[in-house]
Amino acid sequence: MAMAIKLSLILLLCLSSLLAPSFSLFEDQVGLMDWHQRYIGKVKHAVFHTQKAGRKRVLVSTEENVIASLDLRRGEIFWRHVLGPNDVVDKIDIALGKYVITLSSEGSILRAWNLPDGQMVWESFLSGSKYSKALLTVPSNLKVDLDSPIFVYSGGCLHAISSIDGEYLWKKDFAIESVDVHQLILSGGSDVVHAVGVTDSSQFDTYEIDVKNGGLLKHTSASFPGGVYGEILPVSGDRFVVLDASRSVVLLITVNNGATHLQQTHVSDLIHGSSENTVILPSKLSGIFSLRTDSCIVFVKVTDEGKLNVMEKVDKTVVVSDALALSEGEQAFALVQQGDSKIELSVRLVHDMSSNHLKETVKMDHERGFVHKIFINNYVRTDRSHGFRALIVMEDHSLLLLQQGEIVWTRDDGLASVIDVTTSELPVEKIGVSVAKVEHSLFEWLKGHMLKLKGTLMLATPDEVAAIQQIRLQSSQKNKMTRDHNGFRKLLILLTRAGKLYALHTGNGRVVWSTLLQSLRTTSQQQCAGLKLRQWQVPHHHALDNNPSVLVVGRCGLSLTSPSALSIVDAYTGKELQNLGPAEHSTVQVITLPFRDSTEQQLHLLIDADKRAHLYPTTPEAASIFQRESENVYWYSVESEAGILRGYGVKKTHSSEYSFEARNLWSIVFPAESEKIIATVTRKPNEVVHTQAKVIADEDVMYKYISKNMVFVATVSPKASGPIGSATPDESVLVVYLIDTVTGRILHRMTHLGSQGPVHAVLSENWVVYHYFNLRAHRYEMSVIEIYDQSRAENKDVLKLIVGKHNLTTPVSSYSRPEVTTKSQSYFFTHSVKAISVSSTAKGITSKHLLIGTIGDQVLALDKRFVDPRRSLNPTQAEKEEGLLPLTDALPIIPQSYVTHAFKVEGLRGIETIPAKLESTSLVFAYGVDLFYTRIAPSKTYDSLTEDFNYALLLLTIVALVIAIFVTWVLSERKDLQDKWR
Amino acid sequence: MEKGKGVLGSRKWAVEFTDNSSTRDILDPPGFTRASPDQDDSSLTRQKKDAEANWKSQKAWEVAQAPFKNLMMMGFMMWMAGNTVHLFSIGITFSALWQPLSALQGVGKVFEPYKDNKVDLLAPKLLYIALNLGGMLLGVWKLNSLGLLPTHASDWVSSLSPAHEVEFSGGGAALY
């Protein structure tokens, strides 16, 4: 048996060494087993560009810090830029009809992008003296000395910047006056910028500033006693409205020839009834403002005499767009009213509020939730009337374009903010397929293979070559909704920040179903968000009739003590089977226990903020299983701020059947003055390890220390916890620990002097690989620690092993304090890293690849053999035979080993690996703003034929051989007969 | 064994001239005396038989020694194949193991032509068996030198699954 395995392994090695060390693809293999989807995230601002006859587009900035230009006809991305995670886009606009202007990083970076192709034209850094909100005004028809200035208020200063090259024209500092500017107004035709602001929230100021040189022309101010709440909103050229600090009075401010006149109106006079949480909506409509309270939205008209007239009262779920200037000073705006499974879009003209200019009812999938934002744009129809199109942002972050009462296109941009990923198997294929279908598919199969054969023999015409490629890419096999032998077809279940669950088919990445979880919907009272996604029920043997299901754990509220929301969702249909929330307890940790009940439901422990453990599912059976095993169940918490690790066990006395008190067993306190926790990593709970022995050169054996209860902790000195460069090499120390989480025993501790974070690490089997910055060498480094069990090392007597006299299969306990030894080594690594993961296979036999998410948003596969601490400068012959590589100071980056090949997974946040049923293959899913999926085979696909294996050629060869055998047999018979007659 | 076959094996038919049972009632041709073979010189027959036994034992020894040549050739080929595992060396090793085995199965058959009451076949048979066993040993030794024999601890533990852990622990940093 052992010999057979050895033999096969050796043959395998020979094969793999024959097949060259590259893992790359050919050009025509792209898209065969991988897919890439590009998203932008939830749209914050949108600017239409439809004036010219050319391509109509909409420019958007999103909450994922993406700036994108979308095709208005089909919703595709023309170009897209993903800014850094800290470079939040504040404002977006179009200047000169050819530049897209973006203001980002709290108003400190102003950039211009070329509208057609998205190349950056110029970039200006604006320095300010204090934090303030960022305002951007791009005047459409203002010319100052052949230049069109852009006005930016940020950091307490007003900047005028040339829109041609981004040069500073002038700067006016408001910080001295300690004014907080709320609005920049440019009245058409004049050379004056009006800056409207508030000083110390009790004085209203207007400044008139010359656009040519930034000189102050006029300053008026008026104080109001109550203070203000929120933003000042301009109603007309000289009128402004703002709420007072108590949010119960609307102040109407009129500026007239240097004099400022204040007028107070109680909200309760405008809205009869409750007026809690009043806000003025930021839609700028001339002569009208809108107030939103808990119960409704009212539109209030400001008459020329300064009177406030309530024009209309609508439901509070109505979403109002900004005003859109039509011809001759006319303005239109859009309202969206939420129906049951439809939305009502109505466009109104500002001067004629009484009637709808346009009213359309659009059917809307209720899984998209409420409308969050609306942007409108007009076009001129052939009969010279105005038509409108509306861009709608939904609750699930999807983006839709409505035109003429229909949805023109939709984008599922919620997928740009994936929080957690899990997988589910597809249903087993039903037996009993019609004969006609089999015949048809057989015919198709044969046809496909004949085509392939032609291609192999170079007989195919270019049309046929294209057809072959088409067949390969759109193989119906890979998109089936049933389980396959190799385990490649699965459902990827994604939880997004919007609280929506998506199920994606691994074959081509299409959305199979999506559900907006009711338990995670944010309401006006509370803000809910998903936290974790776990497999809840994975039917294997007993409960095959049941569909698999997943558990979604969320939290309703912002603090750790907020109640949690739990729901169980069917993985095949997306139906919410059970809504357990909001539960009365909070959730800070979700622990999947390695136990299952008779219906294959996985037991889970949810730890709340008071360190109590809550058991799910809440069934007597689960409780009895847990009671039986509770002596051996432990958990630990990492308190990064306090620098403490604590371990807990279950207390014997419990408060109720399903909730348990914790008893503190151990704690590790890191000295606050020298160490700060920056990273903790554990092994993946579902990782499979094939063997505990590692065979090294000369047939020697080392026994791995394989424990699932091991945590890797990295700490740095507090000074060095900032960005790179904030501490000198002498001040920064990186310390890494391997800690047993049952007993709190520190298995290994290592210090890296002169190094600092950020630390990215991956823990698998008996090794941990981590990435950090070495300040002395000015380079990134990667280190590996492998941990071995010394207490088993004596098990080397063959005879004893043959008769079974060894302690290798006896269950191990952390309390037996096994002796461990470690080996470690460090290497330089060129890239900085966003995420590290490791490939995982069904049985754990296949060698491992590290999957490194680089700063360039690509995923690099690095063979684990490169980070082997047993590498030495001059390996012996035996070590070479073992496959040990000679030691080098840096890890090689082989360009062909990027698994994302030509694609970028913009904003990469995580890499998930899922074992396929085929031992050689691991499925990789990388997510960020984009999604990318592929399969990798770290030791080549030694257990299957490749996708493009030519079965037809094989068949043909066999047939030819059979014919040849027959012919030669006949010939030899004939010859024999002749011989006999001779 | 090739020679043994040559003596008896290739005959397909035969006419027995000495058989006289059926021709009793027909008169013998003139000049033919039926008694003549019976009246043969007994010493001459013994001499002839001795020669045949001698020849048989000689042949048996030859056959018994034949595997030695084979052994030498095997050894040479093994030396040529080297100690790395590939198709050639594995093929040679397995043929080196298989040949003696099949030869040992057919020991009786090989020595059948030389079966005689007067010839002692035990010694050649023993030699034959010993030489074949030697060949097999050579094959096993080659197998070992290729590293294909489970003689090391690593061969017995390399597929041993990790031991079961008694305790379970989970947790981590608080979720945000």
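The values are calculated or read from the model by the stated rules, or taken from the named source; none is laboratory data. The structure presented is a predicted model; accordingly, all values stated were derived computationally and were not measured. Glycine also receives a Cβ, built like all others from the backbone with ideal geometry; neighbour counts cover every protein chain displayed. Side chains are part of the model used for accessible areas, which takes the heavy atoms of the whole protein and leaves out ligands, DNA and RNA. Shrake-Rupley method; radii C 1.70, N 1.55, O 1.52, S 1.80 Å.
Using the beta-carbon distance between A:E881 and B:E112 and R0 = 41 Å, what value does 1/(1 + (r/R0)^6) give for FRET efficiency, to the nearest 0.05?
Efficiency at R0 = 41 Å is approximately 0.25.
Between A:L281 and A:S140, what's the calculated FRET efficiency when r is the beta-carbon distance and R0 is 25 Å? Round to 0.05.
So, using R0 = 25 Å, E works out to roughly 0.55.
Working from Cα positions, state the angle (0 to 90°, nearest 10) between the long axis of helix A:951-981 and the longest principal axis of chain A.
Its long axis makes an angle of about 20 degrees.
Heavy-atom accessible area per residue, the protein assembly as shown, 1.4 Å probe: how many Å²?
49 Å²
Need one number: buried accessible surface between chains B and A, 1.4 Å probe, both sides summed, DNA, RNA and ligands left out, in Å² to 100.
3900 Å²
What is the dipole size for the protein assembly as shown, taken about its Cα centre, with +1 at each Lys and Arg Cβ and -1 at each Asp and Glu Cβ, in debye to the nearest 20?
Once rounded to the nearest 20, the dipole reads 2600 debye.
Can you give me the % of accessible surface on the protein assembly as shown that is carbon or sulfur? Probe 1.4 Å, all protein chains present, nothing else counted.
The nonpolar share, carbon plus sulfur, comes to 56 percent.
Could you sort the peptides A:122-128, A:461-467, A:379-385 by per-residue average Cβ neighbour count (10 Å cutoff), highest mean leading?
Values: A:122-128: 15.7, A:461-467: 11.3, A:379-385: 8.9.
Sorting A:122-128, A:461-467, A:379-385 by mean packing, highest first, produces A:122-128, A:461-467, A:379-385.
Excluding residues on the same chain fewer than 8 positions from A:K301, give the aspartates and glutamates whose Cα lies under 15 Å from its Cα.
A:D238, A:D269, A:E312, A:D352
Which Cα, out of A:V320, A:S346, A:V362, lies furthest along the positive dipole direction of region A:314-363 (beta carbon charges, K/R +1, D/E -1)?
Of the listed residues, the answer is A:V362.
With the cut-off at 32 Å, tell me which of the pairs A:K342/A:K684; A:K42/A:K719; A:K316/A:K490; A:K91/A:K143; A:K307/A:K342; A:K452/A:K940 have Cα atoms farther apart than that.
Table pairs above 32 Å Cα-Cα are A:K342/A:K684; A:K42/A:K719; A:K316/A:K490; A:K307/A:K342.
Label point 7 Å out from B:T45 along Cα-to-Cβ: which residues of region B:118-143 have amide N under 20 Å?
B:118-119
Give, in nm to one decimal, the length gained when the segment between A:V428 and A:E312 is fully stretched (0.36 nm per residue of separation minus the Cα-Cα distance).
36.0 nm
Provide the packing ranking of A:810-816, A:833-839, i.e. peptides ordered by the mean count of other C-beta atoms within 10 Å per residue, highest first.
My ranking of the peptides, most packed first, is A:833-839, A:810-816.
Would you mind giving the mean number of other chain beta-carbons within 10 Å of the Cβ of each residue in A:240-250, as a whole number?
Across the residues of A:240-250, the mean count of other-chain Cβ atoms within 10 Å is 0.
Quote the accessible area belonging to A:H81 in square angstrom, nearest 10, computed with a 1.4 Å probe and with ligands, DNA and RNA left uncounted.
Surface accessible to solvent at A:H81 totals approximately 50 Å².
Using +1 on the beta carbon of Lys and Arg, -1 on that of Asp and Glu, and nothing else charged, what's the dipole of region A:876-924 about the Cα centre, debye to 20?
That gives region A:876-924 a dipole magnitude of about 280 debye.
If I fit a long axis through the Cα atoms of helix A:462-473 and take the longest principal axis of the Cα atoms of chain A, what angle between them do I get, 0 to 90°, rounded to 10?
90 degrees
Under the rule a/c < 1.5 gives rounded, and otherwise a/b versus b/c splits prolate from oblate, where does the protein assembly as shown land using the Cα gyration tensor?
Since a/c reaches 1.5 and a/b is larger than b/c, the shape of the protein assembly as shown is classed as prolate.
Shape call for region A:183-254 from the C-alpha gyration tensor, a ≥ b ≥ c root eigenvalues: rounded (a/c under 1.5), prolate (a/b greater than b/c) or oblate?
It is prolate, given that a/c is not under 1.5 and a/b is the larger ratio.
Rounded to whole Å, give me the distance from the Cα center of region A:624-677 to that of region A:74-140.
If you average the Cα positions of each part, the centres end up 48 Å apart.
Residues with amide H under 5 Å of A:G499's amide H, sequence separation 5 or more or different chain, H placed in the peptide plane at 1.01 Å from N; which?
Counting only residues 5 or more places away or on other chains, the set is A:G530.
Shielding by partners for A:601-608, please: the mean number of other protein chain Cβ atoms within 10 Å of each residue's Cβ.
Rounded to a whole number, the mean comes out at 1.
Once the whole set of protein chains is in place, how much accessible area is left on A:V867, using a 1.4 Å probe, in Å² to the nearest 10?
Surface open to solvent at A:V867 totals about 0 Å².
Would you please classify the overall shape of region A:483-609 from the alpha carbon gyration tensor, given that a ≥ b ≥ c denote the square roots of the eigenvalues, rounded means a/c under 1.5, and beyond that prolate means a/b larger than b/c while oblate covers the rest?
Oblate, because a/c is 1.5 or more while a/b does not exceed b/c.
Determine which lysines satisfy two conditions relative to A:K800: a Cα distance under 21 Å, and not lying fewer than 8 residues away in the same chain.
The reachable lysines, counting only those whose Cα sits under 21 Å from A:K800, are A:K6, A:K694, A:K704.
Students often check this: by mean Cβ neighbours within 10 Å, which of B:133-144, A:766-777 ranks highest, and how do the rest follow? Can you show the working numbers first?
On the way: B:133-144: 17.4, A:766-777: 22.1.
Going from most to least packed, we get A:766-777, B:133-144.
Exceeding 29 Å between C-alpha atoms, which entries from my cross-link table qualify? They are A:K532/A:K834; A:K532/A:K848; A:K133/A:K904.
A:K133/A:K904
Straight-line reach from A:K652: which lysines have Cα under 17 Å away, leaving out those fewer than 8 places along the same chain?
Counting by Cα, and skipping residues close in sequence, A:K652 has these lysines nearby: A:K611.
Any idea what the alpha-carbon Rg over 2.2 N^0.38 Å comes to for region A:108-163?
1.20
Shielding of A:691-701 by partners, i.e. mean partner chain Cβ atoms within 10 Å per residue?
5
What spacing in nm lies between the two simple spin-label points modelled at A:F595 and B:K69, each 7 Å away from Cα in the Cβ direction?
Reported label-point gap for A:F595 and B:K69 is 7.6 nm.
What length, rounded to one decimal in nm, is gained on full extension from A:I894 through to A:A777, with 0.36 nm per residue of separation minus their alpha-carbon distance?
Additional length available on full extension: 39.9 nm.
Given points 7 Å out from each Cα along the Cα-Cβ axis, report the B:A123 to A:F966 separation in nanometres with one decimal.
The two pseudo-label positions are separated by 6.0 nm.
Expressed as a whole number of Å, what is the distance separating the alpha-carbon centroids of region A:718-757 and region A:207-272?
If you average the Cα positions of each part, the centres end up 55 Å apart.
Could you work out how far helix A:620-629 tilts from the main Cα principal axis of chain A, as a 0 to 90 degree angle to the nearest 10?
60 degrees
If you take the beta carbon distance between A:E639 and A:D730 as r and set R0 to 25 Å, what does 1/(1 + (r/R0)^6) give as a FRET efficiency, to the nearest 0.05?
Numbers: r = 28 Å, r/R0 = 1.13.
Once the sixth-power term is evaluated, E becomes 0.30.
Compute, for region A:99-177, the length of the dipole vector about the Cα centre, with Cβ point charges of +1 (Lys, Arg) and -1 (Asp, Glu) only. Units Debye, rounded to 20.
240 debye
So for A:R974, A:R596, A:R555, what's the accessible-area order with a 1.4 Å probe, most first?
A:R974, A:R596, A:R555
Over all alpha-carbon pairs in region A:614-734, figure out the percentage whose distance exceeds 19 Å.
Counting every Cα pair in region A:614-734, those more than 19 Å apart make up 66 percent.
How much length would be gained if the chain were fully extended between A:Q518 and A:R749, taking 0.36 nm per residue of separation minus their Cα-Cα distance, in nm to one decimal?
Working: separation 231, 0.36 × 231 = 83.16 nm, distance 4.61 nm.
Computed gain between A:Q518 and A:R749 is 78.5 nm.
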